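Following: one structure in structure tokens, then a few remarks.
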Amino acid sequence: MGTKISFRRPDGKEASGYLAKAGRANAPGVVVIQEWWGLQDQIKGIADRFVLAGYDALAPDLYGGTVVPYHDRDAAGKEMGSLNFIDATEQTVRGAVQLLKKSGARVGLTGFCLGGAVTIIGACRIPELSAAVCFYGVPPEAVAKPADIKVPLQAHFANQDDWCTPQVVDAFEAALKAAGKNAEMFRYDASHAFVNEQRDVYDRAAAELAWGRTLKFWATHLGA
């Protein structure tokens with residue numbers, strides 16, 4: 001449904017990504033951020049699903065073309081560990097947001113795992129955003145304080161998660177409440193990455209419930 005494109009970051013450097021268009025003028029946009037595996041076909045599929053719901057969708061490639069096989073956790077960890085999260089968010093992701101916003105429509109940001117953490121950083125640091133939806137990823141407070149989030153936020157977390165643990169989520173939720181932030185928090189009796197239908201941790205019921213909540217949230221804050 002979509003195609004590979006190049007676009008400019010705010011610093012003038014070139015980035016690439018997967019763009020799928022809704023096929024109508026002034027459609028609202030959603031920027032979709034990858035897991036630690038890179039820009040897998042599954043993430044492109046998420047972008048395609050947003051198009052079917054009426055949104056333009058762009059998934060920027062944060063690894064510059066590297067895609068890690070699902071079985072190779074060591075390689076995925078190496079790629080994620082070498083990623084400059086602030087540069088990726090303020091430059092590559094913001095460039096993607098700016099591209100979708102050229103039509104004047106509202107733009108949201110969503111991401112999964114690594115992309116969930118980037119989503120929180122973006123909610124703090126990307127001024128063009130209108131809303132954000134995070135899936136099972138929270139960055140350290142030193143990188144993005146919950147009190148600094150500037151847009152409405154919806155977040156989805158797994159109760160059986162050994163990376164973004166319930167304790168991490170509890171602390172994040174408490175900080176959001178203390179700061180009086182506009183945030184919806186949902187938890188599922190599922191494992192980390194439960195939305196990824198290409199992996200054995202996929203939980204269809206939880207994934208579809210989260211998807212419906214996401215589309216309702218976008219309709220409220222982005223339109224459709």
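Quick notes on this one:
So that you can scan it fast, the table gives a plain yes or no per residue for (1) buried (at least 24 other Cβ atoms within 10 Å of the Cβ); (2) at pLDDT below 95; (3) assigned to a loop (DSSP other than H, G, I, E, B):
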position	(1), (2), (3)
78	no, no, no
91	no, no, no
98	no, no, no
109	yes, no, no
118	yes, no, no
128	no, no, yes
132	yes, no, no
139	no, no, yes
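- Any hit, region 155-170, residues being surrounded by 15 or more Cβ atoms within 10 Å (Cβ to Cβ), aliphatic (A, V, I, L, M) and under 30 Å from residue 54 (Cα atoms): yes
- Extreme residue, surrounded by the most Cβ atoms within 10 Å (Cβ to Cβ), among residues of region 1-13 that are without any contact (Cβ under 8 Å) to a residue 60 or more places away in the chain and closer than 22 Å to residue 41 by Cα: 2
- The condition (being without any contact (Cβ under 8 Å) to a residue 24 or more places away in the chain, under 27 Å from residue 94 (Cα atoms) and within 18 Å of the chain's Cα centre (by Cα)) is satisfied by just one residue among 216, 145: 216.
The rows are residues; the columns are (1) modelled with pLDDT under 95; (2) loosely packed, with under 15 Cβ neighbours inside 10 Å; (3) in a helix (DSSP H, G or I).
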| position | (1), (2), (3) |
| --- | --- |
| 176 | no, no, yes |
| 181 | yes, no, no |
| 189 | no, yes, no |
| 193 | no, no, no |
| 197 | no, yes, no |
| 207 | no, no, yes |
| 210 | no, no, yes |
| 218 | no, no, yes |
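- The one condition in (1) under 30 Å from residue 169 (Cα atoms); (2) at pLDDT below 95; (3) of a type in the set (S, T, N, Q) that residue 40 fails to fulfil: (2)
- Of all residues in region 60-76 being aliphatic (A, V, I, L, M) and outside any loop (DSSP other than H, G, I, E, B), the one that is surrounded by the most Cβ atoms within 10 Å (Cβ to Cβ): 76
- Failed criterion for residue 42 (all others in (1) surrounded by fewer than 19 Cβ atoms within 10 Å (Cβ to Cβ); (2) out of contact with any Gly (no Cβ under 8 Å at 6 or more places or on another chain); (3) touching a residue at least 12 places away in the same chain (Cβ under 8 Å) hold): (1)
- Any hit, region 125-133, residues being within 12 Å of residue 31 (Cα to Cα), hydroxyl-bearing (Ser, Thr, Tyr) and more than 11 Å from the chain's Cα centre (by Cα): yes
- Meets criteria (farther than 17 Å from residue 224 by Cα, in contact with a Phe, Trp or Tyr (Cβ under 9 Å, 6 or more places away or on another chain) and of a type in the set (A, V, I, L, M)) for residue 76: yes
The values are calculated or read from the model by the stated rules, or taken from the named source; none is laboratory data. No experiment lies behind these values; they were computed from the predicted model shown. Note: ideal-geometry Cβ built from the backbone for every residue, glycine included; neighbour counts use all protein chains shown.
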